[in-house]
Structures are given as structure tokens and as C-alpha cells.
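S.K.: The structure is given below, and queries will be raised subsequently.
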């Protein structure tokens, strides 16, 4: 297969250099284009697969670049802190609605003890850190909607 491609390459090179004397750069580009087209037509699976992967990667990059801008424009983020003192939980947020709903949530203490992200009331809470103050623990989260 490679020998056939080399023969085709030589044939293209000879034809173009005969037709285009003194136009080295332009002839080189035409030679390269001809070689790629011939390789694809000859059925070189590796070349086809590589070109398909490159096209797919380019499409994914273009599609991925458009999504975050729209998502970020509609996103809301705020700090959320939870002070746990035994069985009592004090929820502190810039928006009072999530704070009130979370303070009444019976499963919140178990979620906070896991020190992981969770979802409540349309908000996604992302764990940042926790600090112990004696018997009290302050959990710091970022809430995103």
C-alpha cells in the first residue's frame, strides 16, 4: 500500500513540476493537496480515521465554547455558611429563602457531616471547607443555581 502511495506521489510531483516551472511554493501546495486526496481515495484507513478524529475534536471544541457563556449568564452563585452546634443548625446565606428552607431541613446535619456537595431547593451546594470551634463546626459552601 505504501509503495503504491509513493508511486502516486511521484507521479503527481512530476506532472505538477512539468506544468508549473518556477512556482515552487504553489506547486508544493498542490502536491500536498493531491497527495492527501489520493491517500484518501486509495482507502488508507489510518488517514481517514485521523481526519475524522480531527473533525470531531474541532466540532466538540466549537460546541463546548458556546455552552458555558449561556450557562454562566443565567447562573447565580452565593456564599452559604452553616454553623452546627449539637442538634441546632444556623444557615447563613445572602438570599434568605434558601437559608430558611435549609434551616428547617432535618437531613441537613447528615449532609454537612459528609463534607460533600448536595442539592436542595433548586440550589447546588459545593463544599469549600469546614472549621471547628470547640463543639461547634462552621461549614462553608458555595450555592449555585
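S.K.: Among the residues of the range 86-114, which ones are closer than 11 Å to residue 139 by Cβ and either exposed (fewer than 13 other Cβ atoms within 10 Å of the Cβ) or outside the structural domain of residue 136 (by TED's automatic domain parsing) (or both)?
M.R.: Within the range 86-114, 113, 114 qualify.
S.K.: Going residue by residue through the range 115-137, is there one that turns out to be surrounded by fewer than 11 Cβ atoms within 10 Å (Cβ to Cβ) and touching a residue at least 40 places away in the same chain (Cβ under 8 Å)?
M.R.: Yes: the range 115-137 contains one or more residues that are surrounded by fewer than 11 Cβ atoms within 10 Å (Cβ to Cβ) and touching a residue at least 40 places away in the same chain (Cβ under 8 Å).
S.K.: Can you tell me which residue in the range 99-112 is farthest from residue 74 (Cα to Cα), limited to those that are more than 29 Å from the chain's Cα centre (by Cα) and in contact (Cβ under 8 Å) with a residue 12 or more places away in the chain?
M.R.: 109
The values are calculated or read from the model by the stated rules, or taken from the named source; none is laboratory data. In this text the structure is predicted, and so the values were computed from the model without any measurement. Ideal geometry is used to build each Cβ from the backbone, glycine not excepted, and the neighbour counts take in all protein chains shown.
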